[in-house]
Amino acid sequence: MTAWHRHPAFLRRYGLLPHRLLNRGLSYFTAARRPAWAVQAAIATWARIAEIRLDEFEERTYSSIDDFFLRPLRPFARPIGRGFVSPADGLVIDAGILRADARLRVKHQELSIDRVVNGRAYDLDLSAYFGGAYAIVFLTPRGYHHVHMPAKAVVRDVRWIPGRFFPQNPAALEHVERVYERNERAVLRCALDDGREFLLVMVGASLIGGVHLEAMPRSEWALKGPVRVDRAYEKGERIGHFAFGSTVVVLLPNGAADHVELGTEVRMGETLFELRSPS
């Protein structure tokens with residue numbers, strides 16, 4: 001029997017709900033620290049139902065559901081692999097080489113990479129990415145929820161695309177049209193050491209859903225127009241997180257990388273692509 005929150009009829013009508021009001025209401029609940037017994041009971045129930053491996057995370061008492069959701073890893077729990085690595089733990093919704101028409105096929109839906117990256121607000125030139133490698137990673141409730149830099153790179157700028165907060169689990173992608181084109185997004189334009197650029201798109205999701213960047217309050221980048229960043233990151237360094245789950249899309253330019261065959265799940269630090277030397 002399909003759970004109510006994944007039932008096709010409910011998902012198809014999700015757009016009628018007041019997304020921001022729901023997010024605001026749940027944020028009060030997840031940030032609550034009292035009564036402490038209720039917070040700890042909720043965390044224990046979540047860990048049990050989601051089968052979360054707590055041995056991978058720092059051993060401590062969590063003060064709220066938010067605190068538990070953003071639990072830090074133990075040192076060396078996610079070794080950083082070769083090449084261009086996964087920025088997060090999650091399900092690999094899709095990965096491969098971007099088609100010549102710059103469209104993605106996700107769960108029987110055709111998506112425009114131009115609308116995913118530009119929305120209606122920007123004119124970022126994507127011609128260099130046609131035929132390039134891409135991956136879509138959905139952060140699952142039981143995994144690690146921070147986003148890390150997949151290669152040594154500089155974040156040149158960030159583009160905020162306001163939007164809705166539809167769910168992004170596999171069931172929702174079957175029944176809600178164009179989720180990645182409609183939800184809130186932060187598009188990070190990044191440059192490798194050799195100057196080649198890649199895009200990292202953080203897509204907000206239902207229930208709280210906010211995108212957060214390290215050392216940059218939302219008030220500094222959730223603005224109209226590209227916001228200059230010019231901050232260097234080491235490979236595997238943390239660059240941001242989501243307030244309750246979401247999706248990361250990475251896109252490399254044509255010829256920059258070879259696609260690596262992946263399973264259905266990936267962990268932060270595992271290889272997504274083998275980078276090619278610049279010609």
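The values are calculated or read from the model by the stated rules, or taken from the named source; none is laboratory data. Remember, it's a predicted structure, so these values are computed and weren't measured experimentally. As a convention, Cβ positions derive from the backbone with ideal geometry for all residues, glycine included, and neighbour counts pool all protein chains shown. Surface accessibility is based on the protein's heavy atoms, side chains included, excluding ligands, DNA and RNA. Shrake-Rupley method; radii C 1.70, N 1.55, O 1.52, S 1.80 Å.
As a size descriptor, the averaged projected area of the C-alpha convex hull of the chain was calculated at 14.9 nm².
The mean accessible area for residues of the chain, using a 1.4 Å probe and ignoring ligands and nucleic acids, is 48 Å² per residue. Its Cα centre serving as origin, the stretch 64-104 has a Cβ charge dipole (Lys and Arg +1, Asp and Glu -1) of approximately 220 debye. Here is the list for the stretch 62-123: trypsin sites (Lys or Arg not before Pro) lying in DSSP coil, each with at most 16 other C-beta atoms within 10 angstrom of its C-beta, are ARG82, ARG99, LYS107, ARG120.
Going by accessible surface with a 1.4 Å probe and the largest first, MET216, MET149 read MET216, MET149. Positive end of the charge dipole of the chain (Lys, Arg +1 and Asp, Glu -1 on Cβ, about the Cα centre): tell me which of PRO150, ASN254, PHE138 has its Cα farthest that way. So the residue furthest toward the plus end is PHE138.
DSSP loop (so not H, G, I, E, B), at most 10 other Cβ within 10 Å: list which trypsin sites (Lys or Arg not before Pro) in the stretch 137-245 pass both filters.
Listed in order of number, the matching sites are LYS224.
Computed over Cα pairs, the Kirkwood radius of the stretch 121-279 leads via Stokes-Einstein (0.692 mPa s, 37 °C) to a diffusion coefficient of 203 µm² per second. Largest accessible area first, the listed residues ILE93, ILE80 line up as ILE80, ILE93 when surface is computed with a 1.4 Å probe on the assembled protein chains.
In terms of accessible area, using a 1.4 Å probe and ignoring ligands and nucleic acids, ASP114, ASP123 rank largest first as ASP123, ASP114. Placing unit charges on the Cβ atoms only, positive for Lys and Arg and negative for Asp and Glu, gives the chain a dipole magnitude near 900 debye about its Cα centre. Using a probe of 1.4 Å, the accessible surface attributed to THR61 totals some 110 Å² when neighbouring protein chains are kept in position.
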